[in-house]
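Enquirer: I have a structure I would like to understand better, so I am pasting it below and will then ask my questions one at a time.
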Amino acid sequence: MSVVKEAVVQRLKSICKDRGIAANELANLSGVTPSTVYSLLNPERKNASITTIKILCDGLDMTLGEFFSSPEFDDLEQEIK
């Protein structure tokens, strides 16, 4: 799993844990299928699109800025060296 995808997955899991919701409930809140959420959380699947992350954020009633404003993303190494 890429480092960026790992950070997205950890952030989503953390938000869900803090709010006491499961992946199925996140899917329902966001208007996506549960398979979309489970696919995103699966380390063997490809990276999530920013559109999918935005839709999940909408379901969580948070902005992309709020989602990405966390240590999981602050600590990522620069991709371009």
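Enquirer: Conditions: (1) within 11 Å of the chain's Cα centre (by Cα); (2) exposed (fewer than 15 other Cβ atoms within 10 Å of the Cβ); (3) of a type in the set (Lys, Arg). Arg11 meets all but one. Number of the miss?
Expert: (2)
Enquirer: Determine which member of the set Glu72, Glu77, Glu44 is modelled with pLDDT under 90, within 12 Å of the chain's Cα centre (by Cα) and of a type in the set (Asp, Glu).
Expert: Matching residue, one of Glu72, Glu77, Glu44: Glu72.
Enquirer: I need the full set of residues from region 22-43 which are assigned to a loop (DSSP other than H, G, I, E, B) and touching a residue at least 24 places away in the same chain (Cβ under 8 Å), in order please.
Expert: Gly31, Val32, Pro43, listed by residue number.
Enquirer: Given the criterion on the phi < 0 side of the Ramachandran plot and part of a loop (DSSP other than H, G, I, E, B), identify the matching residue among Lys46, Lys13, Lys5.
Expert: Selected residue: Lys46, the only one of Lys46, Lys13, Lys5 that is on the phi < 0 side of the Ramachandran plot and part of a loop (DSSP other than H, G, I, E, B).
The values are calculated or read from the model by the stated rules, or taken from the named source; none is laboratory data. No experiment lies behind these values; they were computed from the predicted model shown. Please note: Cβ atoms are built from the backbone with ideal geometry, for glycine as well, and neighbour counts cover all protein chains shown.
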